[in-house]
Amino acid sequence: MENDLNLKATELRLGLPGSDEPERQMTPRPNKRTLSDIVSEGSRSTTEEDHQDTAPPAKVQIVGWPPVRSYRKNCLQGKKDDVEGGTGMYVKVSVDGAPYLRKIDLKVYRSYPQLLLALENMFKLTIGAYSEREGYNGSNYAPTYEDRDGDWMLVGDVPWEMFISSCKRLRIMKGSEARGLGCV
Amino acid sequence: MEPSELKRSKDSPNSDESTRRSSFPDEVLERVLSLLKSHRDRSSVSLVCKDWYNAERWSRTHVFIGNCYSVSPEIVARRFPKIRSVTLKGKPRFSDFNLVPENWGADIHAWLVVFAAKYPFLEELRLKRMAISDESLEFLAVSFPNFKALSLLSCDGFSTNGLAAIATHCKNLTELDIQENGIDDKGGSWLSCFPESFTSLEVLNFANLSSDINFDALERLVGRCKSMRVLKLNRSVSLEQLQRLLVNAPQLAELGTGSFSEELTFRQYVELESALSNCQNMHTLYGLWDAKGIYLPALYPVCTHLTFLNLSYAALRSDELAKLLAHCPRLKRLWVLDTVEDKGLEAVGLNCPLLEELRVFPADPFDEEIIHGVTEAGFVAVSFGCPRLHYVLYFCRQMTNAAVATIVQNCPDFTHFRLCIMNPGQPDYITNEPMDEAFGAVVKTCTKLQRLSVSGRLTDLTFEYIGRYAKNLETLSVAFAGSSDWGMQCVMGGCSKLRKLEIRDCPFGNAALLSGLEKYESMRSLWMSACNVTMNGCRLLAREMPRLNVEVMKEDGSDDSQADKVYVYRSIAGPRRDAPPSVLTL
């Protein structure tokens, strides 16, 4: 981001700050980076970002790895889009503080309790019960999602069918921010 | 006839120089040697004595050059006057993964110019990882009146205009095989350039291209080329069009379908199935883009005699694969995507006892970690059902030492073991230990191992094992592994047959690089990138070993003393003169 004019700092947006942080591309510099460097770099950047914006941590992508030919990747691209539109409804799930994202198929679930239970199992955390008045009080986590308008909403407010048709991605927020959202 | 038998008869105790020569006229020797096909045997033969060297060079018709910079076209032409077929390989393999700078080299043109002068009767050219322009293709098309076979694999620099030139001018073409190239696809009109009188094509592979071709032209071409045995279509060809082609080409031995997914009426489906069932010679099936499970049964009549099934473009589920494989008992080679998951691989183990080769590619290699894919369980399942397995390429996200030990116990005949645990440096996910014992088991058990790719968290112990046990190893690929120079030193010291070594992101430095000083001249090449090698180390190597080319590729913004990417190879042609500015020859 050194080359950026930092327009983002003054940009007017409706989303949460940093919510569309792009993935960082990195080529490991010779001799200076071991694998542990790469892994710890990822978590270091999270701590720094927590003070400024609260984006999910960027994943480090290594040039030429895994060793899959780019023509092969291009061939599959069309198919992948079909799959997401057709037989599955995969959305990305990020959890504040986790080093990488996951993907789940929303079509597999029939209700909010099923979805929340699956998320709790996947990430080994407790989300707690939803109440219209207090959100997810009583836990450190609040499940949120980005809807078609780009807004970040609390999971549970709208009927299930409306939710899965408008949900583009999930983010499980953590800490004081999460509690704050519930009290709005 | 073995070269050793010939040698014995010449070296009978009572013969002297003159008797020896007169009892074996050159013509006879040449005739005998012309039966030798393997280029390695021929190289051995040429070293026996001067007579044999000469006889061999006059009888050789095919030359294989594994590194285009190891020799010059002039030297080749001087030694082998009667070449009709050339195979040339260019860039280092890691160029497939974008690790080699643009314009690195390996341009075919200088070779073509020499060939046009010295081998006007050239018939075949097979290129891998070479740069080839449209001008070169046009030059090729008009310079060789007998030209028959062109195969381009992982090449770049050309467009469909070059293919049009080939189609237009090569009247005797039997093979046009365009695979996995960085081709500038300007449209499908090139295929219409084959003249109506042209009937000799036996192999046509344009699966690489994405544009629509003129289907009528293709249909007529296939209809009149009665000797066609290999046809690999591109994605733009529909199922209905495929059926029309097959009706006119039931003799096909290898078929690459186009897109396998449009809506078919019942009658169209029946016609397709019928056309496929007439293809009694078909042993290879490829393509199947976007394959929809419901149409796969049309393939069942062909499946019974299939030996090679390439499903690596069809994102099948485990149940779809299982149903298909139930009809493929004779399968020897199978390529799939990891969408089939472990359950799909269980079906492989159950249905394909003759399987010799398995490749499992990741459907989502660059995406964030997803839940699906294959694990160690799938690989183990295959190993139980397929004892003849000797070639595997396996991309997964988790593996254990115990699983690999079981796998090689079931399949001890591995010649090619390429395991890619996609998260770099990942340990055994159950014990959290390094994967050293896994690869230790591979090299201890699989004594025929020729090619090995390692991955996961690995210490120097892995390389101790490799150096100690992998005595037949020729190609080794290493990434994000090792603890110190000692690892690479073990490999350089122990693997006597090593020919190609490619390393990236490992803590091997100058001591490791220089430990191979004596060895590099017996190898084809060494690649080291993002390791701890310095410019001084490379300079020392270049100084000590003048018959090696030591090339360093610098990255922008890196330390001046670091050798970011090093490529070392033996050469009798001296340092190359066509290197771009980013490549320094020391």
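The values are calculated or read from the model by the stated rules, or taken from the named source; none is laboratory data. Note that this is a predicted model, so its numbers are computed, not measured. Note: ideal-geometry Cβ built from the backbone for every residue, glycine included; neighbour counts use all protein chains shown.
In this entry, B:Arg388 is excluded by the filter for residues that are in contact with a strand residue (DSSP E or B) (Cβ under 8 Å, 6 or more places away or on another chain), farther than 17 Å from B:Thr459 by Cβ and charged (D, E, K, R). Taking region B:59-103 as the range and being out of contact with any Phe, Trp or Tyr (no Cβ under 8 Å at 6 or more places or on another chain) and within 14 Å of chain A (Cβ to nearest Cβ) as the test, the residues that pass are B:Asp96, B:Asn98, B:Leu99, B:Pro101, B:Glu102. When B:Arg57 is tested against (1) at pLDDT 95 or above; (2) surrounded by 17 or more Cβ atoms within 10 Å (Cβ to Cβ), exactly one condition is not met: (1). Restricting region B:251-302 to residues that are within 14 Å of another protein chain (Cβ to nearest Cβ) and aromatic (Phe, Trp, Tyr), which is farthest from the chain's Cα centre (by Cα)? Within region B:251-302, the match that is farthest from the chain's Cα centre (by Cα) is B:Phe260. Put simply, of B:Tyr429, B:Tyr394 the only residue that is free of Cβ contacts under 8 Å to residues at least 40 places away in the same chain, within 22 Å of B:Asp367 (Cα to Cα) and touching a Phe, Trp or Tyr at 6+ places or on another chain (Cβ under 7 Å) is B:Tyr394. Restricted to region B:133-240, the set of helices (runs of 4 or more DSSP H) holding at least 3 residues that are within 28 Å of B:Phe115 (Cβ to Cβ) and at pLDDT 95 or above comprises B:134-143, B:160-169. The number of residues in region B:338-363 being over 12 Å from B:Leu311 (Cβ atoms) and touching a strand residue (DSSP E or B) at 6+ places or on another chain (Cβ under 9 Å) comes to 6.
Put simply, of B:Ala110, B:Ala116, B:Ala106 the only residue that is in contact (Cβ under 8 Å) with a residue 24 or more places away in the chain, among the aliphatic types (A, V, I, L, M), touching a strand residue (DSSP E or B) at 6+ places or on another chain (Cβ under 6 Å) and away from chain A (no Cβ under 14 Å) is B:Ala106. Taking the numbered list (1) surrounded by fewer than 19 Cβ atoms within 10 Å (Cβ to Cβ); (2) touching a residue at least 40 places away in the same chain (Cβ under 8 Å) in turn, B:Pro362 passes all entries but (1). Among the residues of region B:474-514, those that are closer than 18 Å to B:Lys565 by Cβ and assigned to a loop (DSSP other than H, G, I, E, B) comprise B:Phe480, B:Ala481, B:Gly482, B:Asp505, B:Cys506, B:Pro507, B:Phe508.
Screening the candidates B:Val566, B:Val478 for the property of being at pLDDT 95 or above and more than 30 Å from B:Thr447 (Cβ to Cβ) yields one hit, B:Val566. If you check B:Arg235, B:Arg267 for being basic (Lys, Arg) and farther than 23 Å from B:Ser189 by Cα, only one passes: B:Arg267.
Report whether or not B:Asn181 is within 14 Å of chain A (Cβ to nearest Cβ) and either farther than 22 Å from B:Leu152 by Cβ or crowded, with 17+ Cβ neighbours inside 10 Å (or both). In short, yes. Exactly one residue out of B:Leu239, B:Leu264, B:Leu233, B:Leu246 is aliphatic (A, V, I, L, M), buried (at least 18 other Cβ atoms within 10 Å of the Cβ) and under 25 Å from B:Asn181 (Cβ atoms), and it is B:Leu233. For the structure I just gave you, tell me whether B:Ser70 is within 30 Å of B:Arg129 (Cβ to Cβ), modelled with pLDDT of 85 or more and assigned to a helix (DSSP H, G or I). It is false that B:Ser70 is within 30 Å of B:Arg129 (Cβ to Cβ), modelled with pLDDT of 85 or more and assigned to a helix (DSSP H, G or I). The set of residues from region B:303-351 being over 25 Å from the mean Cα position of the chain (by Cα), among the hydroxyl-bearing types (Ser, Thr, Tyr) and not in a helix (DSSP H, G or I) comprises just one member, B:Thr304. When residues in region B:332-346 are screened for being surrounded by fewer than 24 Cβ atoms within 10 Å (Cβ to Cβ), away from chain A (no Cβ under 14 Å) and not acidic (Asp, Glu), 3 of them pass.
Here are some residues: B:Val550, B:Val566, B:Val533, B:Val583. Which one is within 14 Å of chain A (Cβ to nearest Cβ) and under 27 Å from B:Phe64 (Cα atoms)?
B:Val566
Among the residues of region B:460-473, those identified as crowded, with 19+ Cβ neighbours inside 10 Å and part of a loop (DSSP other than H, G, I, E, B) are B:Ala470, B:Leu473.
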